[in-house]
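What follows is calculated from the coordinates using simple rules that are stated; it is not laboratory data. Keep in mind it's a predicted model, so treat the numbers as computed, not measured. Counting neighbours? That spans all protein chains shown, and the Cβs are built from the backbone with ideal geometry, glycine included.
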């Protein structure tokens, strides 16, 4: 049994019937997107549990081996993004355990959204592709897809028709915009249900984007 990652929990209703598991980026923690919850303006009719897990601390090669919260080690900052797949596997299983925990607490899998920013988005993609549960949606922010050769046809994936929303900044100096469009194009070519939006921003989140996320979440969980 995988130990559950410590998480920041925010509930919009005392009896939530939906959950959003939101994964932070490199060097951050579960508090990173906590303050965004009110700005998402979710319908008062919705009862949503936000789960913001803290990644484990590990040495990160591109940052001189410094130890920080990270979902996986990154060996080099190239477009190929050589990463530690063993770390990614470990993090995927940790997120799968959080999904299972929400189901045990009475939330149906098809009321669970997995979201992730940057490194967290990489793991969100992995969760979508590898979980045995049909999710309500996947939100991939300023991120990229690893191990593309392993992406199945949508017909062979339980989340083959699960809505995927990809957001990326056109001025992103950390995760090049082409990595976002490459993920989009690969998933579309495999038959997945993908929406893509770009914003004139760097490696961050902007107000217009938050409004669009709000619309999407309200639609997905209505």
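A few remarks follow.
- Using the alpha carbons alone, the radius of gyration of segment 111-152 stands to its Kirkwood radius in an Rg to Rh ratio of 0.95.
- The mean sequence distance of close C-alpha pairs (under 8 Å, at least 6 residues apart), as a share of the length of segment 7-221, puts its relative contact order at 18 percent.
- Each of 206, 157 was scored by other Cβ atoms within 10 Å of its Cβ. Listed from fewest to most, they are 206, 157.
- With neighbours defined as other Cβ atoms within 10 Å of a residue's Cβ, the residues 71, 22 order from fewest to most as 22, 71.
- Label of the coordinate-derived value, Cα Rg over 2.2 N^0.38 Å, listed as (i) 0.94; (ii) 1.28; (iii) 1.22: (i)
- Among 100, 219, the ranking by other beta carbons within 10 Å of each residue's beta carbon, starting with the fewest, stands as 219, 100.
- Rg over Rh, two decimals, segment 20-90 (C-alpha only, Kirkwood Rh): 1.10
- DSSP bridge orientation in segment 7-221 - percent antiparallel, rounded to nearest 5: 30 percent
- Debye log10 I(q)/I(0) at q = 0.12, 0.13, 0.16 Å⁻¹ for segment 1-124, Cα point scatterers: -0.46, -0.53, -0.76
- Interatomic Cα distance distribution for segment 76-165, bins of 10 angstrom, percent: 17, 51, 28, 4, 0
- Stretchable slack from residue 195 to residue 219, in nm (0.36 nm times residue separation minus alpha-carbon distance): 7.3 nm
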